[in-house]
Amino acid sequence: MEFSVNLQGKTSHEAILLRQDSELRLLDLMKRCLMSKLKCDREYAAALSAVATQGLKMDRSEEMFGSLVASTWKTMMEGLEDTGKLMKQNTINLETKVLDSLNNLYAEKRKIKKFYQEEYTKIQMQLTNISEEVNRKKLEYQKYLELYKLTRTKFEEYYVKSGRGGRKLDEVRDKYQKACRKLHLTHNEYVLLLCEATEFEKDFRTALLPDLLQHLQNIQEATIYCWKQLLQDITTMSDLTSEKFKKIQNKIENEQAAIKRNEEYTKFTEKFKTSPTEKLDFVFDASLTEDSAVKFLPNQLTVDNLTIDWLRNKMGDLESSIAESEEKRTSLENAIAKSPIINGKASLADPEISCRISMAQVHKEREIEELKCSERKMWKQVELIKSALNELGCEEVPSGCDLSLDNQTFKNDSNEQTPDRHTVAYKKNFGTKKVVNILRKQFRRKSAPSSPTAPPRTKFRRDSSSHSEGAEAVDSWVSITTNKSLVEEEWFHGVLPREEVVRLLVNDGDFLVRETTRNDESQTVLSVCWSGYKHFIVQTTSEGQYRFEGPAFSSIRELILYQCTSGLPVTGRSGAMLIKPIPREIWELNNDDVVLLDKLGRGNFGDVYRAQLKNDKQIYAVKTCRGTLPEDHKKKFLQEARILKQYDHPNIVKFIGICVQKQPIMIVMELVSEGSLLIFLRKHGDNLNESHLMKMCLDVASGMMYLESKNCIHRDLAARNCLIGQNNIVKISDFGMSREEEEYIVSDGMKQIPIKWTAPEALNFGKYTSLCDVWSYGILCWEIFSKGGTPYSGMTNSKARDRIDAGYRMPASPNTPEEMYRLMLRCWEYKPEDRPNFEQIYTVVDTLCKTFG
Ligand code: AMP
């Protein structure tokens, strides 16, 4: 498109000028931007150098020896440094070459604009001038034409008026001639001017303006070439993909390509090579079990009542942890199976995928391996627990904390006893002939051969002759009437606790059957003496039959009799043989033989009743234990019977027997007619004189002296725990807290401690001796002389405790004999060793009683 043809108009001219302005602004903008870019590039180059310097300060420790990654990194940093240098050079080039050219171009452009503007104005002015001149000439022409016409008219008038002469005519003629000449000249000038103007206009249009435009186009286009060159220079000098940069890039890429995962650590491994990790053995330290009173076996789990629940829970926990772990592991394994690397869609050689997923995959694989290890660990533990539990077979869980010392004592005693030891012991203890005879009768009735009217007995024969002694015993014991129930068997001991049962089993082969409750479930247990004590739970088959390891029977009696006669051990592991059934002790009474009458009071474990035994008119006191109480409470309940069973003293309530064949379990004891001493004192205190009260203190001292001699610590001596009988005889009762030990340390908290009756060392350190009972005896004497008063009345337990520690002692109640109060104060000496013992107390009180006569 030619400027000369297309841009002749006025608007085109204005557009040209605006375009030129715009171009100048663009150049100015480019200049400013280029300068900014140069600044940026300079800074960037400097920054790259700094980064490279930092990157080159890499770890050059020996451990990085031979690392291809480290070497590549070095090359990359050097490349970065070179890149910085190249960029810096480019900025210099751009500044010196391009920026100068840009400035020149700008100046040139300004000049072009100026030239065009001036030229255009010049020719345009010429055209305007000539046009104006033509107009002026035309006006002149018109003016002279009018003048001509006027002068001619005047001449003609004068000519006519004055003829052909006269001065006036000459004047008019002269003017006419001048006007005529002027008109002619003007006419010619006008014609010539028009000719000139026409020519100029033609030139303007066809030569001057097109020529100017053509010229302008040429120089404008010429600058475009420079402009283009300039842009190319900028581009070239800013090109980061130029050969120089490429060279750096290639060097780095080559280094990177040389990185090989299997070569990276070759030199390192060679340099730091060591031998494989040594095996670490975890061995059970046998010295731990050598001196132990408990018989732990190294590396073997101990299964007993202390550990069984824990073991089962532990096994449950482990199994659920294993299941959880397996589930987690399976889902991880599935996730890995779907991964592109594993299913062959990609390989580790594919760097993009490798980088993206290998770490995640490694994490998963590690996790799987860890889960496997932990599962193996847990399985091993489960196996260990399982085999320990299986070892137990049908054996009842052994007691982890058996009162083995007691058992030992019992065994020694028993060995010395004659076969009739139960009766003898009982006789010795309780003396009441009548009671013995009744019980004997019951006992005989239970063990007597069946009457002629009774169903025929089935004799069980032993297969083995090696147990001739046992066979005799079996012959005498093992007979079965087909309709006899287990409960009717002499060797069935009901719910007699295991601690009691083991006292009855003396020789290997002694056995009995009992019941126990575990997790609210009643179980029948065969207890056997066989190198210690073994307790086997009778297993119930799905058909409702009973068995141990051998055949199953429809009744437990038949099962036991089979075990007796077959000569086979109850379980292969235990080797325990049943030789001699141990019948119920004379004090193991039948629940059904006890007839409860009216209620006497309420004890810790249940109500206390007046009761009668069948075929006996005598009235007894019977303590019952609520069936709903937990098993360990029942054991504690029977603890009182166990202690009382051994004692025979007029001032200690007498034990008759226990009923453990079924619930509720009961303790039968002598009825002490007036009941609780405390209530008696409160009710009848006013009728009691000093000598009565002294006698009561003497009775208690006598009973306590007896207990002291038996190493029995009562721990709850108080008026509420003494009974009063005929002739105001006081008997010590309530042995629920008693212990047969010289010293007893309480470790399971001090719950339900009778604070106001308990000695400071027992309260402060849980240390009980008979001298603690002495302190309580002092309080009891105070209760007696205060006729049922409340000790430390108006003080809380803790207040009383604090005051005692601070030295306070209760004052004597009115009418307390001085000597008796002195004795009380001696009983309340802070240090136990400063207190008198019961033997001394008895002597003092006895002397005093005699004085009061
Ligand atoms: P205990 O469980 O020993 O505290 O007895 C609670 C209550 O039953 C006592 O306070 C007496 O009233 C009464 N009691 C306990 N044993 C006998 C007994 N052997 N003779 C008479 N009453 C008794």
Checklist entry - Taking segment 566-596 as the search range and keeping residues that are touching a Cys at 6+ places or on another chain (Cβ under 6 Å) and in a strand (DSSP E or B), which one is surrounded by the fewest Cβ atoms within 10 Å (Cβ to Cβ)? => result V594
Checklist entry - What pairs can you find where one residue is in segment 773-794 and among the basic types (K, R) and part of a loop (DSSP other than H, G, I, E, B), the other is crowded, with 21+ Cβ neighbours inside 10 Å and modelled with pLDDT of 95 or more, and their Cβ atoms are less than 7 Å apart, with a gap of 6+ or different chains? => result K787/L681
Checklist entry - So which residues in segment 243-264 are in contact (Cβ under 8 Å) with a residue 60 or more places away in the chain and in a loop (DSSP other than H, G, I, E, B)? => result A258, I259, K260, R261, E263, E264
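Return the residue satisfying two criteria in turn: it lies in segment 620-631 and is aliphatic (A, V, I, L, M) and under 21 Å from L723 (Cα atoms), and of such residues it is nearest to the ligand (Cβ to nearest atom). Before you say what the answer is, go through the steps one by one.
As a first pass, look at segment 620-631 and keep what is aliphatic (A, V, I, L, M): 621-622, 629.
After this cut, where a residue has to be under 21 Å from L723 (Cα atoms) as well, the list is 621-622.
Working: A621: 3, V622: 9 Å.
So, considering only residues that are aliphatic (A, V, I, L, M) and under 21 Å from L723 (Cα atoms), the one nearest to the ligand (Cβ to nearest atom) is A621.
Based on what the data block shows, is K295 over 30 Å from R518 (Cβ atoms), of a type in the set (K, R) and touching a Ser or Thr at 6+ places or on another chain (Cβ under 9 Å)?
Details: over 30 Å from R518 (Cβ atoms): no; of a type in the set (K, R): yes; touching a Ser or Thr at 6+ places or on another chain (Cβ under 9 Å): yes.
The answer is no for K295.
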Item to check | Matching entry among K617, K599, K634 (being within 14 Å of the ligand (Cβ to nearest atom), of a type outside the set (A, V, I, L, M, F, W, C) and either surrounded by fewer than 19 Cβ atoms within 10 Å (Cβ to Cβ) or not assigned by TED's automatic domain parsing to the domain that holds D716 (or both)) | outcome: K599
Next on the checklist: Of everything in segment 660-691, what is within 9 Å of the ligand (Cβ to nearest atom), part of a loop (DSSP other than H, G, I, E, B) and closer than 30 Å to E818 by Cα? Give them in sequence order.
Outcome noted: E674, G675
Item to check | Set R822, R803, R826: member being assigned to a helix (DSSP H, G or I) and under 53 Å from the mean Cα position of the chain (by Cα) | outcome: R803
Next on the checklist: Would you confirm whether or not segment 703-712 contains a residue that is surrounded by 19 or more Cβ atoms within 10 Å (Cβ to Cβ), among the acidic types (D, E) and either at positive phi or more than 14 Å from the ligand (Cβ to nearest atom) (or both)?
Outcome noted: yes
Checklist entry - Quick one: how many residues across segment 109-151 are over 20 Å from V191 (Cβ atoms) and either surrounded by 17 or more Cβ atoms within 10 Å (Cβ to Cβ) or not assigned by TED's automatic domain parsing to the domain that holds Y225 (or both)? => result 8
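With surrounded by 15 or more Cβ atoms within 10 Å (Cβ to Cβ), more than 30 Å from E62 (Cα to Cα) and among the charged types (D, E, K, R) as the only criterion, which of K244, K228 stands out?
Residue meeting the stated conditions: K244.
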Checklist entry - Is at least one residue of segment 721-729 in contact (Cβ under 8 Å) with a residue 60 or more places away in the chain and surrounded by fewer than 20 Cβ atoms within 10 Å (Cβ to Cβ)? => result yes
Next on the checklist: Can you find a residue that is part of a loop (DSSP other than H, G, I, E, B), basic (K, R) and surrounded by fewer than 19 Cβ atoms within 10 Å (Cβ to Cβ) anywhere in segment 544-563?
Outcome noted: no
Checklist entry - Is it the case that segment 721-730 has a residue that's under 14 Å from G788 (Cβ atoms), in a helix (DSSP H, G or I) and out of contact with any Lys or Arg (no Cβ under 9 Å at 6 or more places or on another chain)? => result yes
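Mind checking which residues of segment 760-803 are of a type in the set (A, V, I, L, M, F, W, C) and either surrounded by fewer than 22 Cβ atoms within 10 Å (Cβ to Cβ) or modelled with pLDDT under 95 (or both)?
Filtering segment 760-803 for residues of a type in the set (A, V, I, L, M, F, W, C) gives 762-763, 765, 771-772, 774-775, 779-782, 784-785, 795, 800.
Within segment 760-803, A762, L763, F765, M795, A800 qualify.
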Checklist entry - Does at least one position in segment 637-652 carry a residue that is free of Cβ contacts under 8 Å to residues at least 60 places away in the same chain, surrounded by fewer than 23 Cβ atoms within 10 Å (Cβ to Cβ) and part of a loop (DSSP other than H, G, I, E, B)? => result yes
Checklist entry - Applying the selection to segment 152-168, what residues are in a helix (DSSP H, G or I) and surrounded by fewer than 13 Cβ atoms within 10 Å (Cβ to Cβ)? => result T153, E156, E157, V160, K161, R167, K168
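The values are calculated or read from the model by the stated rules, or taken from the named source; none is laboratory data. Small disclaimer: the values here were computed from a predicted structure and weren't measured. Heads up, the Cβs are rebuilt from the backbone with ideal geometry, glycines too, and the neighbour counts pull from every protein chain shown.
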